[in-house]
Amino acid sequence: MGRGSLFYFFEMRFNVLKNLFFLSLLCSLCACGGDAGMVVYNLEELKEAMDAATPGTEVVMANGVWENVEIKFTAKGTPDQKVVLKAETPGEVIISGQSNLAFSGEHIEVSGLVFKNGYTPTSEVISFKTGKEKLANHSRVTNCVIDNFTNPERFDGDTWVAIYGKNNRFDHNSMIGKGNRGVTLAVKLATEASRENNHVIEHNYFGPRQILGSNGGETLRIGTSHYSRTYSNTIVRSNYFDRVNGEHEIISNKSCGNEFRDNVFYESQGTLTMRHGHHTLVENNYFLGNRKPNTGGIRIINENQTVRKNYMAGLTGHRFRGALVIMNGVPNSPINRYNQVVDSYMDNNIVVNSDYIQLCAGSDEERSAIPVGSTFKNNLILGNTNAEPFTIYDDVSGISFEGNVMNTSAKAPFAQGFEKVPLALSKNENGLWAPSQELIDQIGFGEVNLPIA
């Protein structure tokens, strides 16, 4: 196999768990070839080819370094005959200098490009639009790499990937080393044409991101506070978040109707945060902290949120970065503050050797609205790293506690709703710390195994 974007993955020298993930990517990337299309060698030829593109056209960028190129095109394919822009050899078309890519239209596919040794001269590296009302729909970016393509001015913000339009897919890509302010990947909802979008973000590698030291370092954000009561209906699944430490919100959910399933968070300082928006599903995600500082899990804010069957191990984060966090809200909250937790569920999760579970977190004079109509049921909380994992900051009478299990050496917050068992953890056949299968079955969790393999 030629040197493709997997070259960058293996350069990171991941541990065994991560190598399993990238083995699955290898199968997908090897299938990205296809019949050769028209090969272009410079920006002028590229523009001419894209301007002439019709359904079924493949425009192939020649291998080599493309420096200081702003690629912008509009095309219209069909479901059976996409318009394709791709690298001659995946991973060997290097886009560098002051460069970016913007596209719009229907049924477009972009693949095999690598952005490195430069940064965008605008606000976005890859954009699913070419103008305010010129958006991409039913389009895909796959098998691309953004590698340290970072503005050297740390607090000059940009977004690496901005998804607009509807029914788009972003998959099997790698984003490594964003060092400046701005979201790594953002789903934008500023116009009606980008709402209820049904985007799918899957099988991507989000590589190490250094601590920014301020707000604005999210790895993934869906929506903003202004549009947070709008439905996005975006699915985020089977992605690997590796040491993404930009800020305390790894994922910032700021819209309604989104799903986060089957993702892995490895040694990442922060949480998957339901910051704004309602009707969010967070299911079967794995948080592996390995006792690194400030590693966190899941934070609930807002209404009708469902957190179930997630696995958290070795997390040390406190307060807003706890393994499981249910926030207090602001009464009659303005759209940009903290909406009260209402009718939300934190059930059937496994927490192993993680230090803090925070209830009514953030309680103060402003955030005085306690959770109501919510449940904390059938969770396994086992470990010997903190004998008092629960911190309760306010009245939790609006949370129902049932069927939870803790080890006898740990202190339960209440006598009711918590069963005590001897502490017994071992590494299972999948290399993860777990209690007996009998206990796992008792809470209806299923098999403890990474969803990415």
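The values are calculated or read from the model by the stated rules, or taken from the named source; none is laboratory data. Fair warning: this is a prediction, and the values are worked out from it, not measured in the lab. Neighbour counts are summed over all protein chains in view; Cβ atoms, including those assigned to glycine, are modelled from backbone coordinates with ideal geometry.
Going residue by residue through segment 233-246, is there one that turns out to be β-branched (Val, Ile, Thr) and at pLDDT below 95?
No, segment 233-246 has no match at all.
Consider Asn68 carefully, then state whether it is closer than 25 Å to Phe206 by Cβ and without any contact (Cβ under 8 Å) to a residue 60 or more places away in the chain.
No.
Go through segment 248-274 and count every residue that is surrounded by fewer than 22 Cβ atoms within 10 Å (Cβ to Cβ), of a type in the set (D, E, K, R) and on the phi < 0 side of the Ramachandran plot.
Final tally of qualifying residues: 2.
Please verify whether segment 152-167 includes one or more residues that are small (Gly, Ala, Ser) and assigned to a strand (DSSP E or B).
yes
Checking Ala410 against (1) surrounded by 18 or more Cβ atoms within 10 Å (Cβ to Cβ); (2) not in a loop (DSSP other than H, G, I, E, B), which single condition isn't satisfied?
Status for Ala410: all satisfied but (2).
If you go through segment 429-437 one residue at a time, do you hit one that is farther than 20 Å from Phe320 by Cα, of a type in the set (D, E, K, R), at pLDDT below 95 and surrounded by fewer than 18 Cβ atoms within 10 Å (Cβ to Cβ)? Spell out the reasoning first.
Keep residues of segment 429-437 that are farther than 20 Å from Phe320 by Cα, which gives 429-437.
Next, from what is left, pick out any that are of a type in the set (D, E, K, R): 429.
From what is left, the residues that are at pLDDT below 95 are 429.
If we keep only those that are surrounded by fewer than 18 Cβ atoms within 10 Å (Cβ to Cβ) too, we end up with 429.
Checked against the condition, which is being farther than 20 Å from Phe320 by Cα, of a type in the set (D, E, K, R), at pLDDT below 95 and surrounded by fewer than 18 Cβ atoms within 10 Å (Cβ to Cβ), segment 429-437 yields at least one hit.
How many residues does segment 141-151 hold that are in a loop (DSSP other than H, G, I, E, B) and under 23 Å from Thr130 (Cα atoms)? First the steps, then the outcome.
Initial filter on segment 141-151 (in a loop (DSSP other than H, G, I, E, B)): 143-144, 148-151.
Among the residues that remain, those that are also under 23 Å from Thr130 (Cα atoms) are: 143-144, 149-151.
Qualifying residue count, segment 141-151: 5.
Quick one: count up the residues across segment 219-244 that are more than 16 Å from Ile176 (Cβ to Cβ) and either small (Gly, Ala, Ser) or assigned to a loop (DSSP other than H, G, I, E, B) (or both).
10
So is Phe445 modelled with pLDDT of 95 or more, surrounded by 19 or more Cβ atoms within 10 Å (Cβ to Cβ) and over 29 Å from the mean Cα position of the chain (by Cα) or not?
Considered against the rule, which asks whether it is modelled with pLDDT of 95 or more, surrounded by 19 or more Cβ atoms within 10 Å (Cβ to Cβ) and over 29 Å from the mean Cα position of the chain (by Cα), Phe445 comes out as no.
Read through the list (1) out of contact with any strand residue (DSSP E or B) (no Cβ under 6 Å at 6 or more places or on another chain); (2) crowded, with 21+ Cβ neighbours inside 10 Å; (3) among the charged types (D, E, K, R), then give the number of the only condition that Asp80 fails.
Condition not satisfied by Asp80: (2).
List the residue pairs whose Cβ atoms are under 8 Å apart, where the first residue sits in segment 128-147 and is surrounded by fewer than 21 Cβ atoms within 10 Å (Cβ to Cβ), the second is outside any strand (DSSP E or B) and at pLDDT below 95, and the two are 6 or more positions apart or on different chains.
These pairs meet every condition: Asp147/Tyr8.
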